[in-house]
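Participant: I am attaching a structure below and will ask some questions about it afterwards.
The values are calculated or read from the model by the stated rules, or taken from the named source; none is laboratory data. Treat the numbers as computed from the prediction; the structure is a model and nothing was measured. Here the Cβ positions follow ideal geometry from the backbone for every residue, glycine too, while neighbour counts run over all protein chains shown. Areas reflect the complete protein model, heavy atoms only, side chains present, ligands, DNA and RNA absent. Shrake-Rupley method; radii C 1.70, N 1.55, O 1.52, S 1.80 Å.
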Amino acid sequence: MSHYLALIVDDEPDIRELLEITLNRMKIDTLSAENITAAKTLLQNNKFNLCLTDMKLPDGNGLGLVDFIQAKYSHLPVAVITAHGNTETAVKAMKTGAFDFLSKPVDLQSLRLLVNSALKLSAPAARERRSRDTLLGESEAMRFIRSKIAKVARSQAPVFISGESGSGKELVAKQIHKQSPRNDQPFIAVNCGAIPHELVESEFFGHKKGSFTGAHSDKEGLFQAAEGGTLFLDEVGDLPAALQVKLLRAIQEKKIRPVGGYQEISTNVRILSATHQNLAKMVQEGYFRQDLFYRINVIELAVPPLRERREDIPKLAQHFLENIAGKSGLPQPKLSNDAILALKQYPFPGNVRELENILERAIALFDGDRIESTDLNLPDLVSPPAHTSSKPQDLIQGSLENYLEEIEKQAISEALEQNKWNKTATAKQLGLTFRSLRYRLKKLGLE
């Protein structure tokens with residue numbers, strides 16, 4: 001007997017036999033069921049490490065079995081077998097809790113890769129890796145994020161991470177990868193807005209020698225570099241339209257074609273994506289493909305802004321002070337009570353990244369062994385009216401978004417005037433992609 005046992009649920013004898021033979025050759029024992037009723041009986045009487053189920057069964061739908069296993073055997077990875085090209089069914093299955101999916105006709109190489117990934121979840125070495133020491137904070141929001149990461153890490157489903165700039169989206173993506181069965185394979189992060197449009201396809205899918213001017217040799221793309229691991233697409237909203245189509249196909253078919261190549265290459269990559277933009281709104285306005293958004297947004301994970309978890313600020317500040325002092329070789333200063341209060345009242349439009357920058361600047365400029373509120377040099381984002389005595393945090397709520405929008409509008413207007421309304425030069429000056437600038441111009445009514 002092997003160490004692993006798999007449950008195969010399919011009403012077609014030929015499919016069951018194909019799956020049994022393939023898994024047996026991988027030294028995995030199998031038990032089979034031709035319907036949901038028989039599968040439930042086997043689940044009650046055996047301890048399985050993996051379940052493969054067809055979607056269409058004589059006495060019900062495969063999604064019902066996924067639901068049942070999620071409720072009764074939540075640690076058992078389930079992969080569903082769908083009809084070819086039935087993306088909607090595959091997405092529904094993963095939203096329900098399926099580990100992954102396979103399309104008919106079953107590709108045996110893809111099956112083996114899926115099985116190996118699934119078995120890592122039940123292997124003795126695959127213990128839960130806590131993220132408490134990386135994603136700091138004991139607020140309700142952060143406890144929820146950590147618990148959600150532990151859950152989605154067990155799946156192969158694409159995850160869309162939303163949140164403001166500086167809130168820690170890449171850190172969340174790294175934790176999903178570290179707690180997943182792919183943790184021993186590469187984690188590749190790419191800022192989609194930082195790649196020149198003329199090179200973006202080559203960067204993602206690679207190219208063959210001679211495929212365009214300057215292609216002096218074959219080049220591996222990001223998908224190949226992340227093979228077996230995780231590809232994190234930061235600022236995915238900045239992808240050009242032509243690349244969005246090809247990315248959609250790569251995710252759905254799990255295959256890519258290098259620029260200048262004639263053969264497709266199978267890929268085994270999990271996609272995580274993120275943006276600080278409102279991607280749903282970009283879909284409505286025609287800037288982002290709806291079908292791609294639907295495909296990358298199988299599971300959404302929203303990272304809260306720092307102002308919504310103010311109770312975490314002291315612990316985060318302590319962590320940053322330790323790191324900054326350690327790197328500089330200076331004694332670690334302490335924050336006064338007034339400084340902590342000032343930080344808690346500040347709205348942090350730049351979120352956790354801004355907190356780190358503020359403390360780094362304070363350490364560089366202050367004298368003594370304790371940082372006071374005046375040493376923080378916090379920007380005066382909202383000036384209270386002279387006749388009121390309201391607390392700063394009360395005045396900030398509701399007005400911050402409008403305030404930041406006005407700042408953005410003013411900065412873009414000034415840059416446009418400086419560049420004589422040349423949008424390409426303006427985008428370059430502001431560090432934006434041309435596409436991102438166009439989106440902001442429309443959003444702010446500057447077109």
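Participant: Given only helices, namely DSSP H runs of n ≥ 4 each adding -39500 (n - 2.57), what is the per-residue ellipticity at 222 nm of the chain, to the nearest 500 deg cm²/dmol?
Facilitator: Roughly -13500 deg cm²/dmol at 222 nm, from the helical runs in the chain.
Participant: Starting from the amide H of S103, placed 1.01 Å from N in the peptide plane, find each other amide H under 5 Å away whose residue is 5 or more places distant or on another chain.
Facilitator: T82
Participant: Amide H neighbours of Y4 under 5 Å, counting only residues 5+ apart in sequence or on other chains, H built in-plane at 1.01 Å?
Facilitator: D29
Participant: At what distance in nm do the modelled label points of A194 and E264 sit from each other, each positioned 7 Å from its Cα along Cα→Cβ?
Facilitator: 3.1 nm
Participant: Among L119, M94, T82, which residue has its Cα positioned farthest towards the positive end of the charge dipole of the chain, with +1 placed on the Cβ of Lys and Arg, -1 on the Cβ of Asp and Glu, and the dipole taken about the Cα centre?
Facilitator: Most positive-ward Cα: L119.
Participant: Also, I was wondering about something else. Within the range 1-94, which chymotrypsin sites (Phe, Trp or Tyr not before Pro) sit in a loop by DSSP and count at most 16 neighbouring Cβ atoms inside 10 Å?
Facilitator: The qualifying sites are Y73.
Participant: Rounded, prolate or oblate, given the Cα gyration tensor of the range 166-295, with a/c below 1.5 counting as rounded?
Facilitator: Note, shape of the range 166-295 comes out oblate.
Participant: Compute the distance from the alpha-carbon center of the range 405-439 to that of the range 304-330, in whole Å.
Facilitator: 33 Å
Participant: Accessible area per residue for the chain in Å², computed with a 1.4 Å probe and the full protein assembly in place, what is it?
Facilitator: The answer is 50 Å² per residue.
Participant: At most 14 other Cβ atoms within 10 Å and a DSSP loop assignment: could you name the trypsin sites (Lys or Arg not before Pro) in the range 1-74 that fit?
Facilitator: Passing both the DSSP loop test and the Cβ count: K27, K47.
Participant: Now for a different question. Which whole-Hz ³J(HN,Hα) couplings does the range 328-337 yield from phi under the Karplus relation 6.51 cos²θ - 1.76 cosθ + 1.60, θ = phi - 60°, glycine and proline marked x?
Facilitator: 8, x, 8, x, 7, x, 10, 9, 6, 4
Participant: Based on a Kirkwood Rh over C-alpha pairs, give the Stokes-Einstein translational diffusion coefficient of the chain at 25 °C and viscosity 0.890 mPa s in µm²/s.
Facilitator: For the chosen part, D equals 99 µm²/s.
Participant: What pairs from K40/K151; K27/K92; K104/K208; K72/K95 go past 20 Å between their alpha carbons?
Facilitator: K40/K151; K27/K92; K104/K208
Participant: Efficiency by 1/(1 + (r/R0)^6): what FRET value for K246 and K315, r their Cβ-Cβ distance, R0 = 41 Å, to the nearest 0.05?
Facilitator: With a Förster radius of 41 Å, E is 0.45.
Participant: Still on this structure: Spin-label point model (7 Å from Cα, Cβ direction): what's the E372 to R438 distance in nm?
Facilitator: Simple spin-label model gives 5.3 nm for this pair.
Participant: While we're on this one: Using 0.36 nm times the number of residues separating R361 and D184, minus their current alpha carbon distance, what extension gain do you get?
Facilitator: 60.0 nm
Participant: Looking at the chain only, what percent of DSSP beta bridges run antiparallel? Nearest 5 please.
Facilitator: 10 percent
Participant: At what distance in nm do the modelled label points of I21 and Q290 sit from each other, each positioned 7 Å from its Cα along Cα→Cβ?
Facilitator: 4.4 nm
Participant: State the extension gain, in nm to one decimal, for the chain segment bounded by N35 and S413, taking 0.36 nm per residue of separation less the distance between their alpha-carbons.
Facilitator: 129.7 nm
Participant: Which percent of the accessible heavy-atom area of the chain goes to carbon and sulfur, probe 1.4 angstrom?
Facilitator: After summing per-atom areas, the C and S share lands at 49 percent.
Participant: Using a cut-off of 19 Å between alpha-carbon atoms, which lysines can reach K442, once sequence neighbours fewer than 8 places away in the same chain are excluded?
Facilitator: K281, K409, K420, K423, K428
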